[in-house]
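The values are calculated or read from the model by the stated rules, or taken from the named source; none is laboratory data. This one's a predicted model, so the numbers in the text were calculated from it and none came from an experiment. Neighbour counts are summed over all protein chains in view; Cβ atoms, including those assigned to glycine, are modelled from backbone coordinates with ideal geometry.
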Amino acid sequence: MAVLPIRLFPDPVLHTQAQEVTDIDGALQKFIDDMADTMYKAPGLGLAANQVGDLHRVIVFDVAQREGKPELMVILNPRITAADGEIIHNEGCLSVRDFSAEVRRSARVCVEGLDRHGKPLTLTAEGLMAVVLQHEIDHLNGLLFLDRLSRLKRSLYLRRLKKRAEAGG
Ligand SMILES: [Zn+2]
């Protein structure tokens with residue numbers, strides 16, 4: 001198990017669509033364990049493969065760790081099959097330093113995919129878990145929460161990033 005380096009915005013891998021997982025082998029299991037280590041170490045509620053520079057559709061997440069009873073969830077090739085309601089949550093991202101913003105998403109989602117051993121799974125989530133699932137699946141589609149903000153809010157962040165680069169930080 002190892003902690004992998006997390007790619008930071010504006011790394012182009014974060015804006016690249018990830019491909020379906022087809023080979024469920026030992027290398028994938030090791031990669032999933034490394035992703036989990038990376039997420040817990042950060043710490044973060046979720047991590048998508050793009051964020052560690054791998055373009056396969058793999059997400060890991062754990063919204064129970066906050067209550068001190070971690071429960072790792074892994075979904076391969078996740079896709080949202082149903083969504084309803086609306087939730088506005090203040091989101092951050094391990095790939096976007098020192099910035100968070102309110103994002104509007106579906107309050108409830110149904111997600112289908114495969115578990116880490118390739119067995120089909122269906123998950124219905126609401127609240128924080130629904131937010132995390134939509135955030136991580138966005139990553140696999142090459143989208144960041146920044147891409148869901150108004151142009152004004154996004155430009156505030158871009159300007160801050162530019163200033164920091166100019167200051168050599
Ligand atoms: Zn993220």
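When Q51 is evaluated against the numbered criteria (1) assigned to a helix (DSSP H, G or I); (2) more than 15 Å from the ligand (Cβ to nearest atom); (3) in contact with a helix residue (DSSP H, G or I) (Cβ under 9 Å, 6 or more places away or on another chain), which criterion, by number, is the only one it fails?
Of (1) assigned to a helix (DSSP H, G or I); (2) more than 15 Å from the ligand (Cβ to nearest atom); (3) in contact with a helix residue (DSSP H, G or I) (Cβ under 9 Å, 6 or more places away or on another chain), only one is false for Q51: (2).
So for the stretch 86-108 (the condition being under 25 Å from Y157 (Cα atoms) and aromatic (F, W, Y)), does at least one residue qualify?
yes
Please give the number of the condition H135 fails out of (1) assigned to a helix (DSSP H, G or I); (2) under 25 Å from D34 (Cα atoms); (3) modelled with pLDDT under 95.
Of everything listed in (1) assigned to a helix (DSSP H, G or I); (2) under 25 Å from D34 (Cα atoms); (3) modelled with pLDDT under 95, H135 misses just condition (3).
In this structure, does M35 turn out to be within 15 Å of the ligand (Cβ to nearest atom) and at pLDDT 95 or above?
Values: within 15 Å of the ligand (Cβ to nearest atom): yes; at pLDDT 95 or above: yes.
So M35 fits the description; yes.
Residues of the stretch 64-103 being of a type in the set (A, V, I, L, M, F, W, C), in contact (Cβ under 8 Å) with a residue 40 or more places away in the chain and farther than 22 Å from P120 by Cβ, which ones?
Once the filter is applied, which keeps residues that are of a type in the set (A, V, I, L, M, F, W, C), in contact (Cβ under 8 Å) with a residue 40 or more places away in the chain and farther than 22 Å from P120 by Cβ, the stretch 64-103 yields I87, C93, L94, V96, F99, A101, V103.
Tally up the residues in the stretch 102-124 that are in a loop (DSSP other than H, G, I, E, B) and under 17 Å from D62 (Cα atoms), please.
The total comes to 2.
Being at pLDDT 95 or above, part of a strand (DSSP E or B) and within 16 Å of the ligand (Cβ to nearest atom) is the filter; apply it to the stretch 81-99 and report the residue that is surrounded by the most Cβ atoms within 10 Å (Cβ to Cβ).
Filtering first and then ranking leaves C93.
Can you pull out every residue in the stretch 36-61 that is under 11 Å from the mean Cα position of the chain (by Cα) and either of a type in the set (A, V, I, L, M, F, W, C) or more than 18 Å from L143 (Cα to Cα) (or both)?
M39, L45, L47, A48, A49, V52, V58, I59, V60, F61
Here is a list of conditions, (1) of a type in the set (G, A, S); (2) within 15 Å of the ligand (Cβ to nearest atom); (3) over 18 Å from G127 (Cα atoms), and G46 meets all of them except one; can you say which number that is?
(3)
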